[in-house]
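Okay, so here's the structure we're looking at.
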Amino acid sequence: MAKLKVIAESVRSKNAGPFSLTVDIFCGSNKNLEKISKCLTPSLLSKIFLLDEDQFKKFEINNLNVIKISFPRPFTQGSAKDRDLHGSSWGILFGEIEID
């Protein structure tokens, strides 16, 4: 097993509006895309981030070897409880996920 940040070329996150976040995983190859996509299931993400499985939307862009995952922000962007105004720290959290 290895962490996602080791297998992928890059993992970054950003706002997808005031209520959503998107994580972009640049896999580098089709082989890595398949391996990562197989492991990053809604079930696993649900357990890690304490959201319902159906709240994760995963998109594979095969010709670019990219996986995009969108999900609701824990707090509305800019609200008093929001600790990541730009959504950039989520990529770091995803990078720590162990991939089989």
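The table that follows gives values for the structure above.
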item: Residue pairs meeting the criteria (Cβ under 6 Å; at least 6 apart or on separate chains; first buried (at least 16 other Cβ atoms within 10 Å of the Cβ), in segment 78-96; second among the hydroxyl-bearing types (Ser, Thr, Tyr)); result: 87/13; 90/13; 91/13
item: Enumeration of residues in segment 70-84 that are touching a helix residue (DSSP H, G or I) at 6+ places or on another chain (Cβ under 7 Å) and closer than 23 Å to residue 99 by Cβ; result: 71
item: Failed item, numbered, when residue 64 is tested on (1) open to solvent by 90 Å² or more (accessible area, probe 1.4 Å); (2) over 23 Å from residue 100 (Cα atoms); result: (2)
item: Selection from segment 8-33 of residues that are of a type in the set (A, V, I, L, M, F, W, C) and either buried (at least 18 other Cβ atoms within 10 Å of the Cβ) or part of a loop (DSSP other than H, G, I, E, B) (or both); result: 8, 11, 16, 19, 21, 23, 25, 27, 33
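The values are calculated or read from the model by the stated rules, or taken from the named source; none is laboratory data. Bear in mind the structure is a predicted one, so any value in this text is a computation, not a measurement. All Cβ positions, even for glycine, are placed from backbone atoms using ideal geometry, and neighbour counts span all protein chains on display. Calculation scope for accessible area: heavy atoms of the full protein, side chains included, ligands and nucleic acids excluded. Shrake-Rupley method; radii C 1.70, N 1.55, O 1.52, S 1.80 Å.
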